[in-house]
Amino acid sequence: MAEHYYERRMQLMKWKLTDLKTNYEKVSGRELSYNTIAKGSKISKSTVSKILNNEAEGANFEVADKLLAYFSDLMGRDLGLNDILHYERTGKG
């Protein structure tokens, strides 16, 4: 029961990586490729692609941690989960 609840909750978490990438590009004037993000965060390019194309099946906190570390270093400030994930309530619960 708890595992099912956890899986259901994970599907309610939406990635905000596109917003973070766009914000960085706007502020820095430099474009970030999928490959650059993948290498810098040490996650696969296919995972980056799935997240940025809204094809990821849910949020993975290990991936979120790696992306947060990468973007925190890149942007020169500490970022938190709210900077990369958004909780979306879908219906009554």
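The values are calculated or read from the model by the stated rules, or taken from the named source; none is laboratory data. All values derive from a computational prediction rather than experimental measurement. Cβ: placed from backbone, ideal geometry, glycine included. Neighbour counts: every protein chain shown. For the accessible areas, the whole protein counts, side chains as well, though only heavy atoms, and no ligand, DNA or RNA atoms are used. Shrake-Rupley method; radii C 1.70, N 1.55, O 1.52, S 1.80 Å.
Cβ separations smaller than 8 Å between residues 6+ apart or across chains give the following pairs from the range 51-74 residues that are closer than 15 Å to K39 by Cβ to residues that are modelled with pLDDT of 90 or more and of a type in the set (D, E): F71/D83. Here T18 qualifies as outside any loop (DSSP other than H, G, I, E, B), under 13 Å from F71 (Cβ atoms) and in contact with a helix residue (DSSP H, G or I) (Cβ under 8 Å, 6 or more places away or on another chain). Give me the residue from the range 80-93 that is under 19 Å from T18 (Cβ atoms) and without any contact (Cβ under 8 Å) to a residue 24 or more places away in the chain and, out of that set, most open to solvent (accessible area, probe 1.4 Å). Within the range 80-93, the match that is most open to solvent (accessible area, probe 1.4 Å) is N82. The set of residues in the range 24-34 being part of a helix (DSSP H, G or I) and basic (K, R) consists of K26 alone. In the range 35-93, which residue that is in a loop (DSSP other than H, G, I, E, B) and among the acidic types (D, E) is farthest from W15 (Cα to Cα)? So, considering only residues that are in a loop (DSSP other than H, G, I, E, B) and among the acidic types (D, E), the one farthest from W15 (Cα to Cα) is D78. Evaluating E57 against the criteria (1) under 11 Å from the mean Cα position of the chain (by Cα); (2) open to solvent by 80 Å² or more (accessible area, probe 1.4 Å) leaves one unmet condition, (1). Selection of the range 13-33 for residues being surrounded by fewer than 11 Cβ atoms within 10 Å (Cβ to Cβ) and among the charged types (D, E, K, R) yields K26, R30, E31. Could you list, in sequence order, the residues of the range 1-24 that are more than 16 Å from the chain's Cα centre (by Cα) and at pLDDT 90 or above? Passing the criteria: none in range.
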